[in-house]
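Input: a single structure, listed below in structure tokens.
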Amino acid sequence: MVLVYISSNNGIAKSVVETITYARKLSNDVVVITTGAASQDDLAQLGKYGASSVKVDRAIVGGDSQQLSRLISSLALSLSADTVLFSHDVIGKAVAPRVSVQLKAGLVSGAIALPEENGSIKVNVFSGKAMGFVHVKSALKIISLLPNSIPAELNGSNCPVEEINGDAGAALIKVISVKRPEGDIPLPEAELVVSAGRGMKGPENWGMIENLASALGAATACSRPVADIGWRPHHEHVGQTGVAIRPNLYIAIGISGAIQHLAGVNGSKVIVVVNTDSEAPFFKAADYGVIGDAFDVIPKLTEAVKKFKSSNN
Amino acid sequence: MKILVCISKAPDTTSKIAFSQGNTVFDENGVQYIVNPYDEWYALVRALEIKETIGGEVTIITVGSANDDAIMRKALAIGADAAVRVDADPKDAYFTASQIADFAKTEGFDLIFTGKETINFNGSQVGGMIAELLDLPFVSLASKLDLKGETIQLEREIAGGVELIEVNIPVVVSCAKGMAEQRIPNMRGIMAARTKPLKVISPTAVEELTSYVSFVTPAAKSTVKIIDASNMDELVRLLHQEAKVI
């Protein structure tokens, strides 16, 4: 059976249902363990994506990796799980390595596909410039699934939810406060991203980027120089040293496409590049290109998107 | 404050990524290795800033061969006081973390820093594993760290936001952008690095838990489709009908 850990503090994120879908493809017996504040109703709905049952421990409120790993490891042992699955998000990155050590089970971090016939699992390596196939030597496998790697699928109906007390001990890390950045869509979760770089000439010109993003329902992002000179907040910086994202659509405006930037976005399914310089290296990584001035192209594109949206509703 | 910074080598960003021996081994031909940027820019530099503010000692450790002494000298040139190399091939994250934890367990470090991930394997595994092996709290993806005596305050990335947290030392921290700014070693640092201690120790016997069976490089993108700048309706149509992303 597969034991899946999900975080439900901020409701049921897309990565959560993707992870459960993945688990269901590995086994018909999928037990979800969660912590956090999601309602019984919301948790029961996870059955629709393939969960056989959900266990929730309300005593753990934060993302303390010691508490969570104790909870998950002891459940994995008592349920005789053959796979423990996480989302490769901030909690998965902190907790899965601890569970791997506790259970002496190999960890495949950032899986992007279901296991191959030989049992190995595909992951991105070299910041997306290649993929590797990981073999796990232990019988028990720990996998963390990279968000936006497989589409969520409906596969069943509501499942039972059980409140448990996993007796995971105290948290040594004390949470003082949580800041949420402005903007509705967290960048790593976004399916559509509009990103801009130095070609925008100054922070005062970001209005048209935001307009395009809002017409599409997309998140906004930026290149490193733009974050470094303070035109945009650091959490918007995508690239090798910023956030790595893999949305369905990445629109890059006035970004030349340095290799460090590409490393953070080359997992995107479709890339559109808008640049005045037809020699910009980004065009080599793009699916669609527009050679032109952003100040001219972006308002036109925004209008075209609005027209499309209104005729499609 | 006694700080251990875990260092990994990584191929320079401009390196060509290719594989040999039937796509099972990374082809190091012509590859220039650097200190993994997260380890250098964020973990090491923040450790040095702490030492400069309140005193202490910064030790760096890597698991690797004698070829990696060059990147260790670079990290010493930036300002680390002493270096340790576990003389072994870093087979997987568990093997690497076990070697580092084995060294650290008797040394009494107050802080153990790693970068948030390496740019070659992107696993984000070693820090959490070291913390578990040493039974210490682990703060992942920290973007800010302030010392308040025995307590440290950190900001860390969480889903859709930033969390401000407090934890007592000793603790393991994985360092992301925001922790510090890159430093370029100066001539004095480079000269001093030559005589700083670089201790080579033998690995302990640990069975790795995972291995790479093979690698592939992504299929080349088909040629970019150029759309006339005056015809954005066409771009929207293609994104809807052909790419099916809107």
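Read-outs throughout are calculated quantities, based only on the coordinates presented, and are distinct from any laboratory measurement. No experiment lies behind these values; they were computed from the predicted model shown. Here Cβ is always computed from backbone atoms with ideal geometry, including for glycine, and neighbour counts include all displayed protein chains.
Overview of results
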{"item": "Check: the range A:2-163 dipole with +1 on Lys, Arg Cβ and -1 on Asp, Glu Cβ, in debye", "result": "480"}
{"item": "Using alpha-carbon coordinates, inclination of helix A:90-103 to the longest axis of chain A, degrees", "result": "30"}
{"item": "Within chain B, longest stretch free of exposed GluC sites (Glu not before Pro) [DSSP loop, at most 15 other beta carbons within 10 Å]", "result": "B:29-106"}
{"item": "Spin-label model distance (nm) - A:SER177 vs B:LYS244, 7 Å beyond Cα toward Cβ", "result": "4.7"}
{"item": "Cα-projected label distance for B:LEU198 with A:SER80, points at 7 Å along beta-carbon direction, nm", "result": "5.2"}
{"item": "Qualifying trypsin sites (Lys or Arg not before Pro) in the range A:94-183, DSSP loop, other Cβ atoms within 10 Å at most 10", "result": "none"}
{"item": "Net charge dipole size for the protein assembly as shown [Lys, Arg +1 and Asp, Glu -1 on Cβ; Debye, nearest 20]", "result": "500"}
{"item": "Likely footprinting exposure, A:CYS159, B:CYS175, fewest C-beta neighbours within 10 Å first", "result": "A:CYS159, B:CYS175"}
{"item": "Residue of B:ALA93, B:ALA159, B:ALA193 that the Gaussian network model of chain B assigns the largest fluctuation, springs spanning Cα pairs under 10 Å", "result": "B:ALA159"}
{"item": "Cross-link reach list, aspartates and glutamates versus A:LYS309, counting only Cα pairs under 13 Å and skipping chain neighbours closer than eight places", "result": "B:ASP233"}
{"item": "Furthest towards positive pole of dipole, B:ALA229, A:ASN124, A:LEU140, structure part the protein assembly as shown, Cβ charges", "result": "B:ALA229"}
{"item": "When each of A:LYS201/B:LYS16; A:LYS269/A:LYS300; A:LYS141/B:LYS177; A:LYS137/B:LYS74; B:LYS51/B:LYS199; B:LYS9/B:LYS177 is checked by Cα-Cα distance, pairs over 27 Å", "result": "A:LYS201/B:LYS16; A:LYS141/B:LYS177; A:LYS137/B:LYS74"}
{"item": "Rough spin-label spacing in nm, given labels placed 7 Å along Cα→Cβ, for A:ASP293 and B:LYS144", "result": "4.0"}
{"item": "Qualifying trypsin sites (Lys or Arg not before Pro) in the range B:24-108, DSSP loop, other Cβ atoms within 10 Å at most 13", "result": "B:LYS105"}
{"item": "Sorted by Cβ density within 10 Å, fewest first, the residues B:THR210, A:THR220", "result": "A:THR220, B:THR210"}
{"item": "Angle between chain A longest axis and helix A:294-312 axis [Cα atoms, degrees, rounded to 10]", "result": "60"}
{"item": "Chain B: most fluctuating residue of B:TYR42, B:TYR33, B:TYR212 per GNM, C-alpha cutoff 10 Å", "result": "B:TYR212"}
{"item": "Antiparallel content of DSSP bridges confined to the protein assembly as shown, in %, to 5", "result": "30"}
{"item": "Chain A: most fluctuating residue of A:ILE291, A:ILE143, A:ILE251 per GNM, C-alpha cutoff 10 Å", "result": "A:ILE291"}
{"item": "Check: the range B:2-218 dipole with +1 on Lys, Arg Cβ and -1 on Asp, Glu Cβ, in debye", "result": "680"}
{"item": "Degrees, to the nearest 10: A:207-216 long Cα axis against longest axis of chain A", "result": "50"}
{"item": "Paramagnetic label zone (point 7 Å from Cα along Cα-to-C-beta, B:GLU52; backbone N under 20 Å) in the range B:113-137", "result": "B:113-115"}
{"item": "Order of A:LEU249, A:LEU77, A:LEU3 under a 10 Å beta carbon neighbour criterion, fewest first", "result": "A:LEU77, A:LEU249, A:LEU3"}
{"item": "Cα coordinate range in the range A:2-163, projected on the principal axes (Å, largest first)", "result": "41, 32, 28"}
